[in-house]
Amino acid sequence: MITKKDLEHIGWLSRLELSEEDREKYTPKLNSVLDYFGELDKADTGGVEPSYHVMPMSNVFREDVPIASLSQEEALSNAPKNQDGFIKAPRMM
Amino acid sequence: MYENPDGVMIGLEVHVQLNKLKTKVFCGCSTDYHNDPPNSHVCPVCLGLPGSLPVINRKAVEAAIKIGLALNCKVEEHTQFYRKNYYYPDLPKGFQITQYDFPISSGGYIMIEGEDGEHRVGITRAHMEEDPGRLVHEGTIDKSKYTLIDYNRSGMALIEIVSDPDMRSPKEARRYLDKLRNILEYLDIFDGDLEGALRVDANISIMGGQRAEIKNISSHKGAERALLFEIVRQKNVLRRGGVVVQETRHFDEAREITLSMRSKEEAHDYRYFPEPDLVPLKISGWAPAIKEMLPELPDARRMRFVEQYGIMDDHAKALTSERKVAIFYEEVAKIADPKISAVWICDVLKGELNYRDLTIEAFRKEDMLSVIELLMSKKITEDGAVDIIRTLLDKGGSPEEIVKEKGLLKVEGDIVSTAAEEAIKENPVAVSDFKAGKEKALNSLVGSVMKKTKGRADARAAREILLGKLG
């Protein structure tokens, strides 16, 4: 059961500021998602090998050969702010 | 037996950057960025742009297996990657690709020189992950208004080596780090001299308290200092009747103290889940072939040196504690007498290098061979040989030139004999003291002979000659 406090914490982890209205709205929504997982949990999986990946594949590799990177100009083109070749972001603690 | 009176338990997490690979772990960006401008070695994958897909570097997996085997770990049958979610600007994607409950290798150990002799430190696991970007703050981290980000480092292959809490003192922690670095250098998978090549987090607790995790340690010496401080801090808390709580602390290198980080930052809730963009690896079958190709590691080389060259174990240990020194020694010992070479490299050269904060690269093996040759042919004294080594390090030149310039050629026996006679004549007190049984008085006479010959006499020979004349 997700409480409004849990929602606030999840919001904080994602750096989202949630208004009182958001919290009212999303708390029941997240709970219904969780309830659905409760339904899935009811399925009998005894004797079924756990699967960790959706594709039945393993061992896909790349050789250690360099390819061209983006130019600095291209790399910075999506950043709202930059300075001396660095991307400039608000300080986070 | 070391008693460990405070019940100190230290475990270390060491991040090793595989900076000898040509490309990053999940993309083909070059790793050769150390002298280049920021954000010039990046691509959609390591910038976390939408739609990009990571593909793992085969050589990074091989290096991870090498490390696992060198640390006596088991290479796991099934290994896979996870997303570790947290929002911080060093991660462009909002998560770090790392490993969780299926690391590539686990359950190993290394031997270190402990407080009471050989000590075993368990290796919990060694897993693969990607390096975050580098953050730069103008001024100090708490006063800066902005964070400047360079993603050149983002996506570099890292191996995180987690030890068991088996170290019982800061000194053992440092020895563990030295040994680990030495093993990694033997494997030739990273260059420890590059910035950020090896980074350490330390966990430490003492009896009666919980553990603190110390971050921001940037050197082996820093680790020792941070841990020393932390033991004193935790003991003081307990002495005052307080409680040592579990927390993350930041090492302030300049002040040599650790500071509590705000508790909100520790609210770790990484919500690990399997990385859907990378398929699992089943590579334990590679281990036997990689094991075959592993180079000789420090402990094995130490034993071989003792056996093959007949040198003392202490010398073998000192020679193998740095890969480059071991190579230097073997090249010298191939030509010169192995035992004499060991003595001069361990007991003299290493000390002179340490004193000057230099590495073995500062000295040419040809010069070492010349010095040993001059000594063996009795052309110079031991003091003269030390003088040559010091001069080579401080001013350069060649041993032969230095011998000539400084007049280091050993003087003939009759000159020593004359000097001895003079010394006896000029120091009647020392002579009578010696004759009265004060053996130490002989030292001042030897000193006098050395002074008269400007250090070019062989001290042992001077002693013999004096004894002959006094007897």
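The values are calculated or read from the model by the stated rules, or taken from the named source; none is laboratory data. A quick note: this is a predicted structure, and the numbers were derived from the prediction, not measured. Positions of Cβ are generated from backbone atoms using ideal geometry, with glycine treated the same way; all protein chains shown enter the neighbour counts.
Numbers below:
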| read-out | value |
| --- | --- |
| Test: B:ILE123 is free of Cβ contacts under 8 Å to residues at least 60 places away in the same chain, of a type in the set (Val, Ile, Thr), buried (at least 16 other Cβ atoms within 10 Å of the Cβ) and touching a strand residue (DSSP E or B) at 6+ places or on another chain (Cβ under 9 Å) | yes |
| Hey, A:SER58 of a type in the set (Gly, Ala, Ser) and either within 7 Å of chain B (Cβ to nearest Cβ) or surrounded by 10 or more Cβ atoms within 10 Å (Cβ to Cβ) (or both) or not | yes |
| Set B:ILE189, B:ILE183, B:ILE217, B:ILE257: member being free of Cβ contacts under 8 Å to residues at least 40 places away in the same chain, of a type in the set (Val, Ile, Thr) and within 18 Å of B:LEU158 (Cβ to Cβ) | B:ILE217 |
| Count of segment B:426-436 residues which are among the charged types (D, E, K, R) and either over 12 Å from B:LEU470 (Cβ atoms) or not in a helix (DSSP H, G or I) (or both) | 1 |
| Scope segment A:64-84; condition over 16 Å from B:LEU49 (Cβ atoms), out of contact with any helix residue (DSSP H, G or I) (no Cβ under 6 Å at 6 or more places or on another chain) and within 7 Å of chain B (Cβ to nearest Cβ); matching residues | A:VAL65, A:PRO66, A:GLN83 |
| Residue in segment B:88-120 that is nearest to B:SER284 (Cα to Cα), counting only those that are of a type in the set (Phe, Trp, Tyr) and surrounded by 18 or more Cβ atoms within 10 Å (Cβ to Cβ) | B:PHE102 |
| Residue selected from segment A:11-26 under the condition in contact with an Asp or Glu (Cβ under 8 Å, 6 or more places away or on another chain) and not basic (Lys, Arg), by the criterion farthest from the other protein chains (Cβ to nearest Cβ) | A:LEU18 |
| Residue check for B:ILE415: touching a residue at least 40 places away in the same chain (Cβ under 8 Å), β-branched (Val, Ile, Thr) and farther than 22 Å from B:VAL446 by Cβ | no |
| Selection status of B:GLU62, out of contact with any Lys or Arg (no Cβ under 7 Å at 6 or more places or on another chain) and in a helix (DSSP H, G or I) | yes |
| Residue within segment B:84-95 that is part of a strand (DSSP E or B), within 20 Å of B:GLN17 (Cα to Cα) and of a type in the set (S, T, N, Q) present | no |
| Helices (runs of 4 or more DSSP H) lying entirely in segment A:4-93 (those with 2 or more residues that are β-branched (Val, Ile, Thr)) | A:20-41 |
| Residues that are among the polar types (S, T, N, Q) and surrounded by 21 or more Cβ atoms within 10 Å (Cβ to Cβ), drawn from segment B:379-436 | B:THR381 |
| Residue list for segment B:17-42, restricted to those being free of Cβ contacts under 8 Å to residues at least 40 places away in the same chain and crowded, with 21+ Cβ neighbours inside 10 Å | B:THR23 |
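Conditions tested, residue by residue: (1) more than 26 Å from B:GLY122 (Cα to Cα); (2) small (Gly, Ala, Ser); (3) surrounded by fewer than 19 Cβ atoms within 10 Å (Cβ to Cβ); (4) out of contact with any strand residue (DSSP E or B) (no Cβ under 9 Å at 6 or more places or on another chain).
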position: B:GLY133; (1), (2), (3), (4): yes, yes, no, no
position: B:GLU138; (1), (2), (3), (4): yes, no, yes, no
position: B:ASN152; (1), (2), (3), (4): yes, no, no, no
position: B:GLU160; (1), (2), (3), (4): no, no, yes, no
position: B:ASP164; (1), (2), (3), (4): no, no, yes, no
position: B:MET167; (1), (2), (3), (4): no, no, no, no
position: B:LEU177; (1), (2), (3), (4): no, no, no, no
position: B:GLU185; (1), (2), (3), (4): no, no, yes, yes
position: B:ASP188; (1), (2), (3), (4): no, no, yes, yes
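Let's see how each residue does on (1) at pLDDT below 95; (2) in the same structural domain as B:LEU198 (by TED's automatic domain parsing); (3) part of a loop (DSSP other than H, G, I, E, B):
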{"residue": "B:GLY108", "(1), (2), (3)": "no, yes, no"}
{"residue": "B:ILE123", "(1), (2), (3)": "no, yes, no"}
{"residue": "B:VAL136", "(1), (2), (3)": "yes, yes, no"}
{"residue": "B:ILE141", "(1), (2), (3)": "yes, yes, yes"}
{"residue": "B:GLY155", "(1), (2), (3)": "no, yes, yes"}
